[in-house]
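Have a look at the structure below, then the notes.
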Amino acid sequence: MQDIQLNVNDYDFELPEELIAQVPLLDRTSSRLLVLDRETGDIEHRHFRDVLDYLNEGDALVVNDSRVLPARLFGAKQETGGKVELLLLKQTEDDVWEALVKPAKKVRVGSIVEFGDGLLRAECVEELPEGGRRFKFDYDGIFYEILDELGTMPLPPYIREQLDDQDRYQTVYARERGSAAAPTAGLHFTEELLEAAKAKGVRLIPLTLHVGLGTFRPVTADSIEEHTMHSEYFELSAESAAALREIRANGGRIFAVGTTSTRTLETIMRDHGDFVESSGWTDIFIYPGVELKAIDGLITNFHLPKSTLVMLVSAFATRDIILHAYRTAVAERYRFFSFGDAMLITRKEVTK
């Protein structure tokens with residue numbers, strides 16, 4: 001059993017700033033792939049197009065089909081013309097959204113912000129902590145079509161380059177609108193690679209978890225156990241749940257594509273003891289000492305130092321194995337974070 005480290009600083013590592021990927025590669029599958037044996041710590045260096053070499057007929061890829069909203073809006077206060085930036089976080093009822101505001105101190109209850117020369121209007125109806133506000137929107141037409149026209153992608157704070165192709169921050173299987181950030185492990189897949197997986201007998205199982213901005217929130221507590229996790233909405237359909245039960249019963253392995261898929265599956269397994277149709281909000285926090293029961297493998301990107309996501313992957317392997325893999329990735333000049341390279345965490349199997 002691994003020695004469990006609960007101090008946040010134990011999940012820190014040195015990361016040169018130039019390794020933070022600022023733009024995506026033209027070919028999604030050309031990203032590098034670090035293959036990590038979670039039991040031995042053995043490492044292989046491949047490319048993402050090779051990921052199918054590690055999957056067998058009867059295995060499953062569980063993907064998060066959430067679609068990123070172009071949730072960043074730039075407008076002006078109706079009464080003063082002062083510039084205001086909104087970042088939509090989540091819809092709480094019809095036409096009412098929680099959002100982060102810059103500058104927050106200029107927007108109070110009753111303030112009206114206009115976007116696109118009045119095509120979209122938002123009235124502040126409630127002030128929330130940490131620069132948050134609740135807005136009621138007024139418009140003519142279909143809200144999401146207007147958002148597509150006026151909004152821009154809410155890229156993570158560590159990406160400073162403009163994104164030329166907005167779809168490059170979406171997975172090719174994105175369907176369900178609602179995320180404030182992309183489930184980035186899935187950005188490496190193309191339609192062709194997914195078709196090749198199906199041809200090999202690997203099943204593609206969708207679920208939905210709408211990624212919130214809490215995924216970028218730093219851990220400020222000294223101890224992991226003192227950290228409060230953000231809450232995110234998830235859904236697993238009856239069809240997907242039945243497929244997962246069948247795959248496991250037949251001896252297939254379940255590979256989660258990303259930490260969002262992992263958190264959804266582990267929430268359902270924790271609450272129900274099996275894969276069942278489920279929806280709701282999860283604030284599950286997975287760190288060393290928390291046993292993962294739903295997955296057999298994990299495809300993920302390289303995450304921020306001292307982040308809850310580094311703690312999650314450390315729970316699936318061990319802290320020492322993960323940090324060794326991260327140091328190796330730095331030495332080998334892998335690209336980090338949302339537009340960076342990928343890691344496959346699994347254990348050696350005899351190929352069927």
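Summary of computed values
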| item | result |
| --- | --- |
| Spatially proximal aspartates and glutamates relative to residue 77 (Cα-Cα < 15 Å; intrachain offsets below 8 disregarded) | 85, 114, 117, 123, 138 |
| Around residue 222: net Lys/Arg minus Asp/Glu count, Cβ-Cβ under 14 Å | -3 |
| Given 102/306; 90/293; 293/348; 105/306, the pairs whose alpha carbons are separated by over 20 Å | 102/306; 90/293; 105/306 |
| Ranked packing of 58-68, 185-195, most packed first, by mean Cβ within 10 Å | 58-68, 185-195 |
| Point-charge dipole on Cβ atoms (K/R +1, D/E -1) for the chain, about Cα centre, debye to 20 | 340 debye |
| Whole-angstrom Cα spans of the chain along principal axes, big to small | 67, 41, 40 |
| Taking the C-alpha atoms of the range 70-150, convex hull volume expressed per residue in Å³ | 80 Å³ |
| Charge tally in the Cβ shell below 12 Å around residue 118, where Lys, Arg are +1 and Asp, Glu are -1, residue 118 excluded | -3 |
| Karplus (6.51, -1.76, 1.60) ³J(HN,Hα), θ = phi - 60°, over the range 129-136, in Hz, Gly and Pro reported as x | x, 6, x, x, 9, 10, 10, 9 |
| Value of relative contact order over the range 1-148, rounded to a whole percent, pairs C-alpha under 8 Å and six or more apart | 13 percent |
| Solvent exposure, largest accessible area first (probe 1.4 Å, DNA, RNA and ligands not counted), of 198, 105 | 105, 198 |
| Computed [θ] at 222 nm, deg cm²/dmol, the chain (DSSP H ≥ 4; -39,500 (n - 2.57); rounded to nearest 500) | -5500 deg cm²/dmol |
| Residue 227 - accessible surface, heavy atoms, 1.4 Å probe, Å² rounded to 10 | 40 Å² |
| Total formal charge among the other residues, if their Cβ is under 9 angstrom from that of residue 9, Lys/Arg +1 and Asp/Glu -1 | -2 |
| Lys, Arg +1 and Asp, Glu -1 on Cβ, resulting dipole of the range 70-150 about Cα centre, debye, nearest 20 | 560 debye |
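The values are calculated or read from the model by the stated rules, or taken from the named source; none is laboratory data. This is a predicted model, so every value here is computed, not measured. Reconstructed Cβ throughout: ideal geometry from the backbone, glycine too, with neighbour counts over all protein chains shown. Note: accessible area is taken over every heavy atom of the protein model, side chains too, but ligands, DNA and RNA are not part of it. Shrake-Rupley method; radii C 1.70, N 1.55, O 1.52, S 1.80 Å.
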